[in-house]
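Read the figures in this text as sums done on the coordinates, not as results from a lab. Source: prediction; values computed, not measured. Every residue, glycine as well, gets a Cβ built from its backbone with ideal geometry; the counts of neighbours run over all protein chains shown.
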Amino acid sequence: MTGVTLLSAMANVVLKHLDKKYPNGFHAVRDLNLDIADGEFVVLVGPSGCGKSTTLRMVAGLEEATGGEIYIGDRLVNDVAPGDRDIAMVFQNYALYPHMSVYQNMAFGLKMRRTPKKEIEKRVREAAEILSIESLLERRPRELSGGQRQRVALGRAIVREPKVFLFDEPLSNLDAKLRVQMRAEIARLHLRLKTTIIYVTHDQVEAMTLGDRIVLMNHGVIQQVDAPMEIYRRPANRFVASFIGSPAMNFVPGEVHEGVFRFAESNGTVAGVSDPGLRRDAGLTEASYSALDVGKDTPNGPAVLGVRPEDLLACDDGPRLGTVTLDVIEHMGHETIAHFALAGGEHMARLAADAGVQPGDRLALSIRPDTYHLFSADDGRRLN
């Protein structure tokens, strides 16, 4: 990239008690509160139907909020038309005009606003240089690759010089290699323009790599708002822990009793029973249990242990998970993923590429110190 600097105005975005309920009774967004700072890159992430795109569309004015307030800067915009909100939206399907050239597509919005021709020329050329598409300006969309079309869609948004960029799953239609490339392009774009960005995705990798903060949603409710690594290291509940991380976190059911979490290593019908009499009645021996010291402040009762595959060590040092029989082995080149059964569930360990393990091997696994997570078996809230 060259020294072109196309600066956009900045604005914070504040959502207060935002609600969206459709006539059929579906409650898409529930009492959502979010404060996005000037120039911040915030990613809304979650499974399909969690309300993230609906939230974005309410900010854009494409959906009407049934409750709450939307501020862009100091301006309440609930009743402001989409075209007057000073935002630019980048869609999943690019939404380019097929009969127009790249230049005409990028200039169209400015032309509709009756921007002077010289100003249009300047903005389009600067945006094209930022995105390295100067050589494509005379082509039609059908002559472009998916990645090039997405760059044009980005360029069309940039020339608007909006206060806020809204991205609605912009990389979903690209192949894996192009997604990686375009993620880097969008990250560079934000570093350069420093404009407020609200970005919607269902892809946790995009969320982790792009966002200053992640807003993780489920069933229309915010589950956690935090920096990517904070969400990764200290998920607020079991849902967050299961959604962020690949391979997904392992969950082992058991019970906490007087600061010790216990679970059955076997596939028996009783797991995590701490009372010696109950263990004896169930026909399970002390040797069939693993125990983990979780601290005296942890409340007694059923709980779920969460351990990320990368926090399992192929050794018998430290907190012991147990000795397991390996099932499927996936050799990835840079790492080895080992599958195994424990406490009635299927789990994974992320091992070194040269671990040298094979299906059927018995392997002692321990937990990297201070990396385990403990959740309530009832409502999934974090306990440690």
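Over the chain, DSSP H runs of length four or greater, each weighted -39,500 (n - 2.57), average out per residue to a 222 nm ellipticity of -7000 deg cm²/dmol.
Please give me the summed charge of the neighbours of residue 237: other residues whose Cβ is under 15 Å from its Cβ, Lys and Arg +1, Asp and Glu -1. List each step's numbers first, then the result.
Working: positive: 233, 234, 238, 381, 382; negative: 226, 230, 378, 379.
With Lys, Arg at +1 and Asp, Glu at -1, the neighbours total +1.
Can you tally the net charge around residue 311? Count Lys and Arg as +1, Asp and Glu as -1, for every other residue whose Cβ sits under 15 Å from the Cβ of residue 311.
Details: positive: 233, 234, 308, 320, 350, 368; negative: 310, 317, 335, 370.
In short, +2.
Take every Cα pair under 8 Å whose residues are at least 6 apart in sequence, average their separation, divide by the length of segment 146-241, and the relative contact order is 20 percent. A cut-off of 5 Å between modelled amide H atoms, ignoring neighbours fewer than 5 places along the same chain, links residue 374 with 306, 383, 384. If R0 equals 45 Å, the separation of the Cβ atoms of residue 330 and residue 145 corresponds to a calculated FRET efficiency of about 0.90. For the chain, the relative contact order comes to 16 percent (Cα pairs under 8 Å, sequence separation of at least 6). For the cross-link pairs 117/194; 111/194; 52/111; 21/163; 16/52, the ones whose C-alpha atoms lie over 21 Å apart are 117/194; 111/194; 52/111; 21/163.
Modelled label positions at residue 22 and residue 74, each set 7 Å beyond Cα in the direction of Cβ, lie 3.8 nm from each other. The label point for residue 93 and the one for residue 203, both projected 7 Å from the Cα toward the Cβ, are 1.9 nm apart.
So for the chain, Kirkwood radius off the Cα pairs, Stokes-Einstein at 25 °C and 0.890 mPa s: how many µm² s⁻¹?
Details: Rh = 23.6 Å.
For these conditions, the coefficient is 104 µm²/s.
With an a/c value of 1.5 or above and a/b larger than b/c for the gyration tensor axes a ≥ b ≥ c computed over the alpha-carbon atoms, segment 126-275 is described as prolate. Between residue 64 and residue 316, the simple spin-label model (points 7 angstrom out along Cα→Cβ) gives 7.0 nm. You can think of it this way: the chain between residue 346 and residue 172 has 59.7 nm of extra reach, that is 0.36 nm per residue less the Cα-Cα gap.
Along its three principal directions, the equivalent ellipsoid of segment 311-384 from the Cα gyration tensor extends over semi-axes of 24, 14, 12 Å, largest first. As an exercise, use a Förster radius of 41 Å and the Cβ-Cβ distance of residue 31 and residue 323 to find the FRET efficiency, rounded to the nearest 0.05. Efficiency at R0 = 41 Å is approximately 0.30.
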